[in-house]
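Notes follow the structure.
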Amino acid sequence: MEPILIFGHKNPDTDSICSAISLAKLKELKGESAQACRLGNISKETEFVLKSFNIDAPKLLSTVSAQISDLTHIEKKTINHKTSLRKALEIMTQEGFSSLPVVNSKNHLKGMIHVSDIANAYLNMDYSDLFSKYYTTYENLKDVLEGEVVSGEYPCGQIEANLKGVSEYRNIVAGDIVITTTILDSIDNLIELGVKMIILCCDKEDVILPRDSKIPVLRVNKSLFKAIPLISQSASILSILNNDKFYSFSIDDYLTDIKDIMKESTQTNFPVVEKNGEVYGTIRTKDLINFTRKNVVLVDHNESTQSVSGLKDAKIVQVVDHHKFGNFETNEPVKINAETVGCTCTIIYGLYKEAGIVPPKEIAGLMMSAILSDTLLFKSPTCTEKDIQVVKELATISGIENFESYGMDMLIAGTSLSDKTPEEILTMDQKEFSMNGIKLAISQVNTVDVKGLLDQQSALEAAMTETNTKNDYKLSVLVITDIVKAGSMLLVVGEPTIVEKGFHTTLNNNTAWVDGVVSRKKQVVPFLMAAAQGV
Ligand SMILES: [Mn+2]
């Protein structure tokens, strides 16, 4: 049984990743097969969390579209390249295939054979150069003639000899294979000539065995007229395979990708190859209708626009979420675990409790981290009493008693600007404005460590001065927003009047703290605009 795929939303945050891992673990502990996945890159914050509890990032999932491996019917028939034309034709007509994939002894794809290829080969064959022109084996020969070895040791493998009728007696030389009857010919004479093998067309009671029994004699219970055309049918498929191009697919290919190719191609059967290169089978257009849907669980989201591509091919079996529902539709009934709490992991911990299972230490750590992250250390208005209670319980299980300081470290890791130069910090999110003829730039960064960032104040100011000169700005403002304290430190380089007027403050060493200001669009730009009118 394929595992149930569990994943959070695109651009995953810590809750989306930790919910997927924790719920997959719960299902696993309950004896179900589940796999946690992610729909995008891990953030710095999540990376910190996973590292803290020594857990690997979940597998990246790009789509849940149906794949060839999900098809309910895949024809498994193939033809080995050494099979005789006769046998191949028999298989194809009996089972109603106009074409089939040809494989070598390792089951690797060598080509496609069509009934018409075999018919063409029959028409163009001449028995005299049969074994030099067409690859065939002693096994195939015996098989199509339904022969019986009456003397000598019958060889195996590829036939390398000329085929001659006994009527060409004068041309027969050592090493030839001769087809004859008992009535007219002396087998002993042929043996003296050193022929390689004798094909004897006669009834069982008419066999006259040679005195020297080392040369193989294959008795065939057919007339010469019947035996000769049969010999040409012993040629292997390998010897008539052409190099015509054809489509073949991989077992992992998505149905949406192959549909059009199959419709537009004149090919009717399409070989499917496994990852190890072996042929898995063949598919036809009509096989595409029936496939097994992948079972998925959505955590921390429910809207299809935020979810994985190909979701309509999948079967949503469960949703665990704390967001509003919108755009949500399923084909079958679905189990929904939704609560108005601050974090999906709060709900998942409830599911652990319901199942009577204590989460493993590191999983408890992940769930605790997700709640601290989603509720911004309980400061977000979405945080509930339940979230706080659950964090306390999870802190005990995970052994991280001082969860406040752990949570702060996590948020700091998430907003770390340590790998950025002052110029990068300034331009990460910078917008230019013109206010009553005053040209200026406003940049914003989020952090939990304003003081740490201001350690590089002089380098930042130098970068801002350069920007002002280069772009003819009257001033540059860097809004350093503290996401936990919910306020911003303004760093201003240039003419400060509109900032001081706008926020009714006085800059101290080019900086000013503005409490409650977190949005540039709603809380910074309008005030500066108003102030600019009065300048
Ligand atoms: Mn969430």
Among the numbered conditions (1) of a type outside the set (Asp, Glu); (2) assigned by TED's automatic domain parsing to the domain that holds THR465; (3) within 16 Å of the ligand (Cβ to nearest atom), tell me where LYS439 comes up short. (3)
Can you spot a residue in segment 376-397 that is at positive phi and aliphatic (A, V, I, L, M)? yes
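Residues are listed down the side, and each one gets a yes or a no for (1) among the aliphatic types (A, V, I, L, M); (2) touching a residue at least 40 places away in the same chain (Cβ under 8 Å); (3) touching a Cys at 6+ places or on another chain (Cβ under 6 Å):
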site: GLN158; (1), (2), (3): no, no, no
site: VAL166; (1), (2), (3): yes, no, no
site: GLU192; (1), (2), (3): no, no, no
site: LEU209; (1), (2), (3): yes, yes, no
Could you run through segment 376-392 and say how many residues are of a type in the set (Asp, Glu) and either within 14 Å of the ligand (Cβ to nearest atom) or buried (at least 16 other Cβ atoms within 10 Å of the Cβ) (or both)? 1
Answer with yes or no whether LEU61 is touching a Lys or Arg at 6+ places or on another chain (Cβ under 8 Å) and crowded, with 19+ Cβ neighbours inside 10 Å. yes
Yes or no: ASN269 among the polar types (S, T, N, Q) and either within 16 Å of the ligand (Cβ to nearest atom) or within 30 Å of THR78 (Cβ to Cβ) (or both)? yes
Condition first: farther than 29 Å from GLY40 by Cβ, in contact with a helix residue (DSSP H, G or I) (Cβ under 6 Å, 6 or more places away or on another chain), modelled with pLDDT of 90 or more and more than 16 Å from the ligand (Cβ to nearest atom). Can you find one or more residues in segment 292-309 that meet it? no
Restricting segment 1-53 to residues that are within 15 Å of the ligand (Cβ to nearest atom) and of a type in the set (Lys, Arg), the one modelled with the lowest pLDDT turns out to be LYS10
Can you tell me which residue among LEU475, LEU440, LEU491 is within 23 Å of ASP419 (Cα to Cα) and not acidic (Asp, Glu)? LEU491
Those residues that are away from the ligand (no atom under 16 Å from the Cβ) and closer than 28 Å to ILE412 by Cβ, I need them from segment 316-375; list them, please. PRO359, PRO360, LYS361, GLU362, ILE363, ALA364, GLY365
Restricting to segment 248-268, count the residues that are more than 20 Å from the chain's Cα centre (by Cα), assigned to a loop (DSSP other than H, G, I, E, B) and surrounded by 12 or more Cβ atoms within 10 Å (Cβ to Cβ). 3
Extreme residue, farthest from the chain's Cα centre (by Cα), among residues of segment 163-207 that are crowded, with 18+ Cβ neighbours inside 10 Å and not hydrophobic (A, V, I, L, M, F, W, C): THR180
Flag for VAL492 being under 18 Å from LEU440 (Cα atoms) and free of Cβ contacts under 8 Å to residues at least 40 places away in the same chain: yes
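The values are calculated or read from the model by the stated rules, or taken from the named source; none is laboratory data. As the structure is a computational prediction, the values presented were derived from the model and not from experiment. Don't worry about glycine lacking a Cβ; one is built from the backbone with ideal geometry, like all the others, and counts go over all protein chains shown.
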